[in-house]
Amino acid sequence: MGGNIQIQNVMDQLNKWLIKLPQDIRLMSETEVTERPQPHKWSRKEILGHLCDSAINNLERFIKIQYEDQPYVLQKYNQEKWVDLQDYQNTSIEEIVLLWSSLNKRIVNVISKIPSDKLAYLCNIGNNQLVTLEWLIQDYLEHMEHHIQKQIL
Ligand code: NI
């Protein structure tokens, strides 16, 4: 197998976080994971929940882009409403970590099998801005790492 270096890097990073993030969160107290820095700001639980919602929505995209007509039109999702309606704040951190881990293992599996020609498939991310599936996959990792590094760890 030839393999795409960028996608291999995304997979390596996701696999790294799949080991590291649960370890780091296990060391945090209940207060640390539940406390909101400000009343209207997400707690660590809610940020990790937001990453679950991102994984749910992006897993669907990574699959559908491969068989739907091009350019695939991305459906936006209301991030605040998802975190609110999933009620992550009243869910155990163990359950959220398990969901996040399971979803990202699926994502690693799915992206590992995307043929290189499909990585160039186009999707419309709004305002008629076209990006490739490969770009979307890299953006998924960047978004995740931003939240992990700035708000969770
Ligand atoms: Ni975000």
| message | Just to verify a result, which residue in region 28-60, among those that are of a type in the set (S, T, N, Q) and within 18 Å of the chain's Cα centre (by Cα), is surrounded by the fewest Cβ atoms within 10 Å (Cβ to Cβ)? | response | 57
| Top-ranked residue of region 61-70 - restricted to ones that are modelled with pLDDT of 95 or more, surrounded by 12 or more Cβ atoms within 10 Å (Cβ to Cβ) and away from the ligand (no atom under 16 Å from the Cβ), ranked as nearest to residue 115 (Cα to Cα) | 66
| Residue, surrounded by the most Cβ atoms within 10 Å (Cβ to Cβ), within region 119-137, restricted to residues that are away from the ligand (no atom under 15 Å from the Cβ) and within 15 Å of the chain's Cα centre (by Cα) | 137
| Checking residue 117 against (1) in a loop (DSSP other than H, G, I, E, B); (2) without any contact (Cβ under 8 Å) to a residue 12 or more places away in the chain, which single condition isn't satisfied? | (1)
| List, please: which pairs have Cβ atoms under 6 Å, are six or more places apart or on different chains, and start with a residue in region 43-59 that is closer than 14 Å to residue 78 by Cβ and more than 9 Å from the ligand (Cβ to nearest atom) and end with one that is modelled with pLDDT of 95 or more and not in a helix (DSSP H, G or I)? | 57/77
| query | How many residues are without any contact (Cβ under 8 Å) to a residue 40 or more places away in the chain and more than 16 Å from the ligand (Cβ to nearest atom) if we restrict to region 86-101? | reply | 6
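The values are calculated or read from the model by the stated rules, or taken from the named source; none is laboratory data. All values derive from a computational prediction rather than experimental measurement. Cβ atoms come from the backbone with ideal geometry, glycine included; neighbour counts cover every protein chain shown.
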